[in-house]
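Heads up: the structure comes next, in structure tokens.
The values are calculated or read from the model by the stated rules, or taken from the named source; none is laboratory data. Being a predicted model, the structure only gives us computed values, none of them experimental. Cβ: placed from backbone, ideal geometry, glycine included. Neighbour counts: every protein chain shown.
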Amino acid sequence: MNSTRLSIQIAYLCSFIFTVSPALAQEGPKIDSADTTFITLCTALVLLMTLPGLALFYSGMVRKKNVLGTMAQSFAATAIVSILWIVAGYSLAFYGDGPYLGTLGRAFLSGVGMDTVNPLAKTIPEILFMAYQMTFAVITCALVGGAVADRMKFSAFCFFCAIWLFVVYVPTAHWVWGGGFLGQMNVLDFAGGTVVHINAGVGGLVAALVIGNRQGYGRENMAPFDLSLAVIGTGLLWVGWFGFNGGSALGAGSRAVFAIVSTHLAACAGAIVWSFLEWTQRGRPSVLGLISGAVAGLGTITPASGFVLPWHGIVIGAVAGGVCYFACTWLKQKLKYDDTLDVFGVHGVGGILGMLAVGVFATARLSVSPETPAGLSGLLEGNSYQVVVQAMGIGVTIIWCVFGTWLCLKIIDLTCGLRVTIEEERQGLDLSLHGESIHQ
């Protein structure tokens, strides 16, 4: 009798092992509370980069009569892009596996529930992944406005954010991060060298060339109104960049910490080198140079931060400080374009440098992913072809950004016009466009 009962129990146990256990093994990914908490914090930090970080950084470097108008651009970009991201931007960028664009399966967050996850971020709720990526789209559109500060209509900027988001940002985000053809080619961009910085820098340059120089550019004094605002803004950007780059690991782990440390060191190196060059060329280091060098280092390390070692961050930041310095001084004077806040010289040039730096410094053990279990290495580890792949990604991004930005600007110019009148520009955008001013 006992042997019969034992046989039945063994049969039940075997049945459980061979039926229930495989079913449990086939369950979908589990949402991790630590990863969710970390990415929630990073989302807040990246939003902090635009509001108030970028708003203060930009407004402190324009003339007094344009401070409020410059701040308004950052707030408008945040509001417009956030809503349009929910409507269709997220879905087209990160839902669907087409080589060039996603689908509208997640339009208006259709199908996003409490427990749904995006295959690209399997340990956090999908709605958090959506929100985190939304903050990237917000700051990229806001960055472009710095190149045309002091002279672009507020209405034109609002329309630009709405159109440019779908024409330029969304396709590029899908190509690189959403399963598109650049990602399939193994173009490495950890946190936005192509999607954010090259797009913002090249888009800003195209906008500056299409709209034209400011009245009196090169002849009148256009010194910053209040660099203390810009310094505060830089501090907020610097800290927020930890969420920008660290959060791009999409989880709380060693890779996120490596990215944060590399980011911090690159900013430090960029600030030191830019200031040293000013000191040797002009006899004194400026506050504007210190903060510009830091931002150059931050922008340049962005695509490489999760693929490189901390000492690589120092090298990348130092190179960024030197190259971006000459891009914002010698190159800008040579070509005589009016990029008001050096969006191209810092972000565009920095993004290109950073993407190439990935091809040189990428470390296999830091770039391991489900798609590349052995990791991807760069030139220093014997893979010279990665530099070629990175260059291809840069070229595709620049070509599409130039064409898409020009198209957006032409459409807006034919409808509501791009530029304020000469009288409005002389008066200042604060009063002429917003009916307000800073009293001092």
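Worth pointing out:
- Residues in region 255-269 that are closer than 12 Å to VAL295 by Cα and either touching a residue at least 60 places away in the same chain (Cβ under 8 Å) or outside any helix (DSSP H, G or I) (or both): none.
- Residue match in region 151-163 (condition: aromatic (Phe, Trp, Tyr), buried (at least 23 other Cβ atoms within 10 Å of the Cβ) and within 30 Å of LYS65 (Cβ to Cβ)): yes
- Yes/no for GLY297 being crowded, with 24+ Cβ neighbours inside 10 Å, within 16 Å of the chain's Cα centre (by Cα) and in a helix (DSSP H, G or I): yes
- All positions within region 102-150 that are crowded, with 21+ Cβ neighbours inside 10 Å, touching a residue at least 60 places away in the same chain (Cβ under 8 Å) and not aliphatic (A, V, I, L, M): GLY102, PRO125, PHE129, TYR132, THR135, PHE136, THR140, CYS141, GLY145, GLY146, ASP150
- Extreme residue, nearest to the chain's Cα centre (by Cα), among residues of region 266-290 that are crowded, with 24+ Cβ neighbours inside 10 Å and more than 21 Å from GLU381 (Cβ to Cβ): ALA267
- Within region 402-424, tally of residues that are more than 21 Å from the chain's Cα centre (by Cα) and surrounded by fewer than 19 Cβ atoms within 10 Å (Cβ to Cβ): 13
- When residues of region 330-349 are limited to those that are of a type in the set (A, V, I, L, M, F, W, C) and surrounded by 18 or more Cβ atoms within 10 Å (Cβ to Cβ), the one farthest from the chain's Cα centre (by Cα): LEU341
- Leading residue by the ranking (surrounded by the fewest Cβ atoms within 10 Å (Cβ to Cβ)) among those in region 202-217 that are small (Gly, Ala, Ser) and assigned to a loop (DSSP other than H, G, I, E, B): GLY216
- Selection within region 385-401: residues that are surrounded by fewer than 16 Cβ atoms within 10 Å (Cβ to Cβ) and touching a residue at least 24 places away in the same chain (Cβ under 8 Å). The member of this set that is farthest from HIS347 (Cα to Cα) is VAL388.
- Residue that is surrounded by the most Cβ atoms within 10 Å (Cβ to Cβ) [pool: residues in region 219-242 that are more than 18 Å from LEU288 (Cβ to Cβ) and in contact (Cβ under 8 Å) with a residue 12 or more places away in the chain]: TRP241
- Sole exception among (1) in a helix (DSSP H, G or I); (2) farther than 19 Å from SER305 by Cα for THR194, by number: (2)
- Selection within region 173-211 - over 26 Å from ALA364 (Cβ atoms) and of a type in the set (Val, Ile, Thr): VAL202, VAL206, VAL210, ILE211
- Comparison of PHE225, PHE136 shows that the only residue that is at pLDDT below 95 and in contact with a Gly (Cβ under 7 Å, 6 or more places away or on another chain) is PHE225.
- Just one of the numbered conditions (1) within 19 Å of the chain's Cα centre (by Cα); (2) more than 30 Å from LEU265 (Cα to Cα); (3) part of a loop (DSSP other than H, G, I, E, B) is not true of ILE399: (3).
- Some residue of region 285-298 being out of contact with any Asp or Glu (no Cβ under 6 Å at 6 or more places or on another chain) and more than 28 Å from GLY218 (Cβ to Cβ): yes
- Candidates in region 179-201 are the residues that are more than 15 Å from the chain's Cα centre (by Cα) and under 22 Å from ASN245 (Cβ atoms); of these, the one that is surrounded by the most Cβ atoms within 10 Å (Cβ to Cβ) is VAL187.
- When LEU128, LEU165, LEU109, LEU101 are checked against the criterion of being at pLDDT 95 or above, of a type in the set (A, V, I, L, M) and under 22 Å from ALA208 (Cβ atoms), a single residue qualifies: LEU165.
- Residue in region 368-377 that is modelled with pLDDT of 95 or more, farther than 23 Å from ALA318 by Cβ, surrounded by 15 or more Cβ atoms within 10 Å (Cβ to Cβ) and in contact with a Phe, Trp or Tyr (Cβ under 9 Å, 6 or more places away or on another chain) present: no
- From the list ALA72, ALA93, the one residue that fits, being more than 18 Å from VAL167 (Cβ to Cβ) and either of a type in the set (S, T, N, Q) or part of a helix (DSSP H, G or I) (or both), is ALA72.
- PRO99 meets all of the listed conditions (1) in contact (Cβ under 8 Å) with a residue 24 or more places away in the chain; (2) more than 23 Å from GLY247 (Cα to Cα); (3) not in a loop (DSSP other than H, G, I, E, B) but one, namely (3).
- Condition met for ALA327 (more than 19 Å from the chain's Cα centre (by Cα), at pLDDT 95 or above and small (Gly, Ala, Ser)): yes
- Single match in VAL346, VAL358 (criterion: in contact with a Pro (Cβ under 6 Å, 6 or more places away or on another chain) and in a helix (DSSP H, G or I)): VAL358
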